[in-house]
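A short reminder: the numbers here are calculations on the coordinates, not readings from a lab. Source: prediction; values computed, not measured. Every residue, glycine as well, gets a Cβ built from its backbone with ideal geometry; the counts of neighbours run over all protein chains shown.
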């Protein structure tokens, strides 16, 4: 570890988590996905304990943010609940898989997942309000179609939902990655809802956030009892990311989005490369 | 159930044609209340957990700085039984673990409350789906205990 003093370690991790939570919420990536690389690269924390600490911070930020969105009636609770069946099952699989996955492979998969998660920073991969979507059989049966109040358009936007089985399958994969790497895998969840099921972007992102907490809880139980959640690491990470994300949400409306992306994209790319490098060099036995 | 769907459709159609919609008029009143309860549960769980974590961390560092021999940081409780017996002894690490457990249970509480909320709306399909999610979560906790 970086430091022998537990007090110094605690406050340095708290500070790093605060910055990650703040920056992560500004670019919409979530601070937790940055914490595992920061803990392993800068603090020398074993990757399993780093993942365990991140899982906990995901639950904190997801629950905090979801509370606000649910109150604003943007979240589609029915889509969230239905798709949680897939994400929790996937998360259990991922958490169990993590125990038998070699450390080097964890680094490589993490680097790849982080790189994919950063893609929306380069280009939005979807339309704001999808046109001409018609409910499929499953959407009818599960009554997934709904509407939400759009702040910018200043009207209620009704929408329908399609390709539910495809969305469900992608959700299972998102859950698997979440459980394996201790990330929220929000980008993959949004991909399922927005690209496959063609929900409006705002509904996809808020519903994804709503689901992240339950998904993470399914793997966190396994991590906790396995002894991968060290309270002295998980506590400063959870408190720091939560405080940083809350702060980020406050200042977000006052900041320009493109400038933020220009600042953070190279940082995220560098971190992803570092994780890949660590994994590959371990695989090659240095 | 069908009547409820029609309610929503009428509501949204009425709003969009009328053009003067405001954000507070969406869906039937029942959904509205459920949104608020879920929001309160999520917020409450996070705040309770943060309180425990701050208190536990403060207590831990007071012990480290003034309490003679520092506790071994590599030995920490990771089962519910360990945590509860640690709490009885005022172990700061057990308080931290308890704070983390509260955080972990917050989404579970949200799922349980959703089951009741759907039941009150007589939406049995979603009572079933949400109960399934709860069962999966319970299985995950049991699995964690089994595999070391």
Exercise for the section: Sort through B:83, B:102 and tell me the only one that's over 18 Å from residue A:79 (Cβ atoms) and more than 15 Å from the chain's Cα centre (by Cα). Expected result: B:83
Practice task
Residue by residue through the range A:199-248, note down the ones that are in contact with a strand residue (DSSP E or B) (Cβ under 8 Å, 6 or more places away or on another chain) and either free of Cβ contacts under 8 Å to residues at least 24 places away in the same chain or in a loop (DSSP other than H, G, I, E, B) (or both).
Solution key: A:199, A:200
Practice task
Report whether or not residue A:74 is part of a helix (DSSP H, G or I) and more than 8 Å from chain B (Cβ to nearest Cβ).
Solution key: no
Exercise for the section: Consider residue B:138 carefully, then state whether it is more than 7 Å from chain A (Cβ to nearest Cβ) and either more than 18 Å from residue A:76 (Cβ to Cβ) or assigned to a loop (DSSP other than H, G, I, E, B) (or both). Expected result: yes
Exercise for the section: Could you tell me whether any residue of the range A:158-172 is over 13 Å from residue A:83 (Cα atoms) and in a strand (DSSP E or B)? Expected result: yes
Handout entry: Residue list for the range A:1-15, restricted to those being touching a helix residue (DSSP H, G or I) at 6+ places or on another chain (Cβ under 7 Å) and in a loop (DSSP other than H, G, I, E, B)
Key = A:1, A:2, A:3
Handout entry: Filtered residues of the range A:16-50 (kept if out of contact with any helix residue (DSSP H, G or I) (no Cβ under 7 Å at 6 or more places or on another chain) and buried (at least 24 other Cβ atoms within 10 Å of the Cβ))
Key = none
Exercise for the section: Answer yes if at least one residue in the range A:192-201 is within 21 Å of residue A:32 (Cα to Cα), more than 15 Å from the chain's Cα centre (by Cα) and within 14 Å of another protein chain (Cβ to nearest Cβ), and no otherwise. Expected result: no
Handout entry: Condition met for residue A:118 (surrounded by 18 or more Cβ atoms within 10 Å (Cβ to Cβ), under 15 Å from the mean Cα position of the chain (by Cα) and over 25 Å from residue B:106 (Cα atoms))
Key = yes
Practice task
Consider residue A:107 carefully, then state whether it is over 24 Å from residue A:213 (Cβ atoms), in a helix (DSSP H, G or I) and in contact (Cβ under 8 Å) with a residue 60 or more places away in the chain.
Solution key: yes
Exercise for the section: Kindly check whether there is at least one residue in the range A:51-67 that is in contact (Cβ under 8 Å) with a residue 40 or more places away in the chain, out of contact with any helix residue (DSSP H, G or I) (no Cβ under 7 Å at 6 or more places or on another chain) and more than 7 Å from chain B (Cβ to nearest Cβ). Expected result: no
Problem - Selection status of residue A:251, outside any helix (DSSP H, G or I), touching a residue at least 24 places away in the same chain (Cβ under 8 Å), more than 11 Å from every other protein chain (Cβ to nearest Cβ) and over 29 Å from residue B:79 (Cα atoms) - result: no
